[in-house]
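Working notes, structure below.
The values are calculated or read from the model by the stated rules, or taken from the named source; none is laboratory data. Predicted model, so just to flag it, every value in this text is computed and none were measured. Positions of Cβ are generated from backbone atoms using ideal geometry, with glycine treated the same way; all protein chains shown enter the neighbour counts. SASA here: full protein model, heavy atoms, side chains in, ligands and nucleic acids out. Shrake-Rupley method; radii C 1.70, N 1.55, O 1.52, S 1.80 Å.
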Amino acid sequence: DAADVMDFEYMKALRCVANEVKADFWLMGEVIHGNYSMWASDNKLHSVTNYELHKALYSGHNDHNYFEIAHNVKRMIDNCGILKLYTFVDNHDVSRIASKLNNKLLTQALRQSFPTANNIGVQTCNRTVGGIIGIVDKNHI
């Protein structure tokens, strides 16, 4: 929680210690908005939450504005490059996706597209390959 208020030098030191203790230790932080590459990088956190895409997923579907989703993904790539962002449809800080979607049939489709186990143990990333958002688990990045 609240990685956006953590000191960057502390994150760098934490990353060094984590790498020494266990090479595949995964550091993830919650960042609500901003340039995610400030927190997720080769020398800080491995990943941060992607709240911006979360919002675009439900509002784009509700408004049939798929440009919103595509624009969000493109903006993330333009601003941050290909980052391993934690993309989600539900978490403990937001209302459940079923309560946000006008078309309730999309609920299961989105949950299956972005699977989580109560947001534990599943890493997704925004990776565009032919314009498709792909899901990649930590062991295949």
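At a glance:
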item	result
Heavy-atom accessible surface of region 1-85: percent carbon and sulfur, 1.4 Å	59 percent
Fully extended contour minus Cα-Cα distance, from Ala18 to Asp4, at 0.36 nm per residue	3.1 nm
Region 1-106 - percent relative contact order, Cα under 8 Å, separation 6 or more	24 percent
Across Lys84/Lys104; Lys22/Lys84; Lys55/Lys104; Lys55/Lys84; Lys12/Lys84, pairs whose alpha-carbon gap is larger than 22 Å	Lys84/Lys104
Signed unit charges on C-beta, dipole axis of region 15-96, positive-most listed residue Val48, Ala70, Val89	Val48
Full-stretch length increase - Trp26, Ala98 - with 0.36 nm per residue and alpha-carbon distance subtracted	23.0 nm
Per residue accessible area in Å² of region 1-115, where ligands, DNA and RNA are left out and the probe is 1.4 Å	55 Å²
